[in-house]
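Below is one structure, written out as structure tokens; comments come after it.
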Amino acid sequence: MPSTLPIADPAPDDGLLPTGAGDGAGDRDFGVYLHVPFCRVRCGYCDFNTYTATELRGARQADYAEQAALEVRFAHDVLTASGIAERSASTVFFGGGTPTLLPSADLVAMLDAVHDVFGLADGAEVTTEANPDSVDARYLADLAAAGFTRVSFGMQSAVPHVLRTLERTHDPARVPQVVQWAKDAGLQVSLDLIYGTPGESLADWRASVDAALECGPDHLSAYALIVEDGTKLARQIRRGEVAEPDDDLQADMYELVDDLLTAAGFQWYEVSNWASDEQHRSRHNLAYWLGHDWWGVGPGAHSHVGGVRWWNVKHPAAYAQRVVAGLSPAAGRETLDVATRSLEDVLLKVRIRDGLPVSALHGEGRAAVAGLIADGLVDAKAALHGSVVLTRAGRLLADAVVRRLLADR
Ligand SMILES: C[S@@+](CC[C@H](N)C(=O)[O-])C[C@H]1O[C@@H](n2cnc3c(N)ncnc32)[C@H](O)[C@@H]1O
Ligand code: SF4
């Protein structure tokens, strides 16, 4: 059995990439992810790499845009010195944390750095995540004027008791308002929802999905609540203060959201993502799932170029120290071997509507497809055309499907 573990490398201070990372780069898109690691308060369920004001150990939000711009320039120098063909950015994504905690001028400065250093491809998609209570009409208009094309709001729920359990601070009535402001500014709009919060009923979930649809978004993401180790929510559940999410109810909720969104004209294109049409799919996220190249800027950000993956130091203070000194902020790096890349291809592509080419499977994995069709988990027609595409039942059991497709690895 081939090894499925990545080969670990030290992350060199100069960031130079190993020979081969640029092979075939011309066939892959290049994206830039900018992580903004700040939140006003930490939601009880969240384990993202983000820091509130008291956790910053001397790092300053006000200095962050400049530090991120330093890494953008460093990225360009590293790619050039590693002999990787120059590509403009097809997509730029600001995630967090809460990018919109920074003044709009800081986000614009970071985008300008990407533009000046790499250039933006024609029709580039430029997205920021935003909390509904951290933007106003002016802020969104400033982003649109500077070249942002898309905003993704963390709505999570429209039901006050669910938002309280999630420790979300925004008033649900603000969501339609911020969506309208974003549309007025000419931005495409996506909404993030979470289902399966303890105490949330199917009727609560229906109300949230209906409320999201009433806002008229172009794109929706619906994530099952994951109880992450080390979070306040995990502690509350361990102490018996809050009930554990119920798997069966979460499955019913997935079916409900898929029904409601499909009836409203949306189409799923990844297990947790629906778009109003093909033009409104998140191209940045698709690039992750399709194994393209991206440079992740910022504390804890992950990058991938041609099978080489690395991740930055997590704390903003450690990050600042390294980028200001002109050193790579990478904390570790791995070079994926051929077997691991093909395994990851299966893991990622099977979750998207365009599917996994049957030709990417071998041995028992390929033989498993017939059984998956018989069990109603894989679409028979798509398989005849050479792709493994999940049915809705398959989407609900995506992890189990992947295990069967990887049976011999
Ligand atoms: C970085 S946040 C989005 C921006 C912003 N900070 C916010 O929360 O509104 C990314 C998204 O991940 C999802 N998320 C975070 N933690 C999660 C968890 N434990 N389970 C399920 N979804 C989660 C939420 O839907 C959230 O909107
Ligand atoms: S606002 Fe978003 S990133 Fe910040 S703690 Fe909450 S879910 Fe996590």
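Laboratory data are not the source of any read-out in this text; all were calculated from the coordinates shown. Keep in mind that what you see is a predicted model, and the values were worked out from it rather than measured. Here the Cβ positions follow ideal geometry from the backbone for every residue, glycine too, while neighbour counts run over all protein chains shown.
The table for this structure:
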{"read-out": "Selection within segment 180-192 - buried (at least 21 other Cβ atoms within 10 Å of the Cβ) and under 20 Å from the mean Cα position of the chain (by Cα)", "value": "187, 188, 189, 190, 191"}
{"read-out": "Candidate set: segment 40-67, residues that are more than 16 Å from ligand 1 (Cβ to nearest atom) and within 23 Å of the chain's Cα centre (by Cα); chosen: the one nearest to residue 106 (Cα to Cα)", "value": "65"}
{"read-out": "Filter result for residue 315 (more than 29 Å from residue 260 (Cα to Cα) and touching a Phe, Trp or Tyr at 6+ places or on another chain (Cβ under 8 Å))", "value": "yes"}
{"read-out": "Whichever residue in segment 206-241 is assigned to a strand (DSSP E or B) and not hydroxyl-bearing (Ser, Thr, Tyr) and, among such residues, is surrounded by the fewest Cβ atoms within 10 Å (Cβ to Cβ)", "value": "224"}
{"read-out": "Number of positions in segment 301-326 that are assigned to a helix (DSSP H, G or I) and either in contact (Cβ under 8 Å) with a residue 40 or more places away in the chain or within 18 Å of residue 27 (Cβ to Cβ) (or both)", "value": "6"}
{"read-out": "Selection count where residues are closer than 16 Å to residue 142 by Cα and under 15 Å from the mean Cα position of the chain (by Cα), scope segment 92-131", "value": "7"}
{"read-out": "First in segment 342-358 and at positive phi, second anywhere and buried (at least 17 other Cβ atoms within 10 Å of the Cβ), Cβ under 7 Å, 6 or more apart", "value": "355/349; 355/382; 355/387; 355/388; 355/389"}
{"read-out": "Strands (runs of 3 or more DSSP E) wholly inside segment 67-163 containing at least 1 residues that are touching a residue at least 12 places away in the same chain (Cβ under 8 Å) and surrounded by fewer than 17 Cβ atoms within 10 Å (Cβ to Cβ)", "value": "120-130"}
{"read-out": "Matching residues in segment 242-300 - criterion: being within 30 Å of residue 66 (Cβ to Cβ), touching a His at 6+ places or on another chain (Cβ under 9 Å) and assigned to a helix (DSSP H, G or I)", "value": "288"}
{"read-out": "In segment 132-148, the residues that are charged (D, E, K, R) and under 22 Å from the mean Cα position of the chain (by Cα)", "value": "133"}
{"read-out": "Among (1) at negative phi; (2) surrounded by fewer than 17 Cβ atoms within 10 Å (Cβ to Cβ); (3) not in a helix (DSSP H, G or I), the one test that residue 376 misses", "value": "(1)"}
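Let's see how each residue does on (1) of a type in the set (Gly, Ala, Ser); (2) in a loop (DSSP other than H, G, I, E, B); (3) surrounded by fewer than 19 Cβ atoms within 10 Å (Cβ to Cβ); (4) more than 14 Å from ligand 2 (Cβ to nearest atom):
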residue	(1), (2), (3), (4)
16	no, yes, yes, yes
19	no, yes, yes, yes
26	yes, no, yes, yes
31	yes, no, no, yes
35	no, no, no, no
40	no, yes, yes, no
48	no, yes, yes, no
58	yes, yes, yes, yes
62	yes, no, yes, yes
